[in-house]
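Structure record follows, encoded as structure tokens.
The values are calculated or read from the model by the stated rules, or taken from the named source; none is laboratory data. This is a predicted model, so every value here is computed, not measured. So basically every Cβ, Gly included, is an ideal-geometry build from the backbone, and we count neighbours across all protein chains shown. What goes into the accessible areas is simple: the full protein's heavy atoms, side chains included, and nothing from ligands, DNA or RNA. Shrake-Rupley method; radii C 1.70, N 1.55, O 1.52, S 1.80 Å.
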Amino acid sequence: DGWNALSYAVHEQYSEAGRQPNVYYARRGGRYYDFSGVSGLDFADDSRAFAVTDLDGDGCLDLVLKSRLGPQVRVFQNNCGAARRSIAFRLRGVKSNRDAIGARVEVDGQVKFVAAGSGYLSQHTKVVHFGLGESDTARLVRILWPSGVRQEFRNLAPGYRYDIEEGSAAARPTAFGPREPIPAGTVAADG
């Protein structure tokens, strides 16, 4: 009877989890801090899935949030860290699968994988993004393709998305679009 009641409630536009606020944690100096309120993501929707991608091509990852009840989709443009440097890679497999699913990308010790299916009913971008902080170059980029092919690139400039084909020595750069920084200011407190 309990499962039937839950199923009925869901079909009648009720939520079994209620309207719980979203949470967002950011890592700073090896620790995680609750940035839910300052990020603007702490509203109480019945959120189910999210996807991360660079919608405006500026090198800062944006967020698409999917909720079960209205509004069902929210898009958040990331304008934070406009002064920070980043680099991205769009890989195309030749011996491996075309989308490079399973490829391992390492940039100066940071490691990420190209994945298919990133969470519940969602898919993050297959373009692999790395933050470089204040560094003026990506000194060493290593790619291990699912086929076993290995590639290395040295001293790539930040501020670009590089298109790399499996086995090719070329890394074709496309500059990121301009970033719109958020002006510094004070936030008025109420209570």
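Looking only at strands (runs of 3 or more DSSP E) that lie completely in the range 52-139, which have at least 2 residues being in contact with an Asp or Glu (Cβ under 9 Å, 6 or more places away or on another chain) and open to solvent by less than 50 Å² (accessible area, probe 1.4 Å)?
62-67, 85-92, 128-133
Looking at (1) open to solvent by less than 100 Å² (accessible area, probe 1.4 Å); (2) not in a loop (DSSP other than H, G, I, E, B), which is the one condition that is false for R154?
(1)
For T174, which of the numbered conditions (1) assigned to a loop (DSSP other than H, G, I, E, B); (2) modelled with pLDDT of 95 or more fails to hold?
(1)
Here is a list of conditions, (1) at pLDDT below 95; (2) over 17 Å from the mean Cα position of the chain (by Cα), and Q77 meets all of them except one; can you say which number that is?
(2)
Do we have any residue at all in the range 8-25 that's under 30 Å from P178 (Cβ atoms), among the aliphatic types (A, V, I, L, M) and modelled with pLDDT of 85 or more?
No, the range 8-25 has no match at all.
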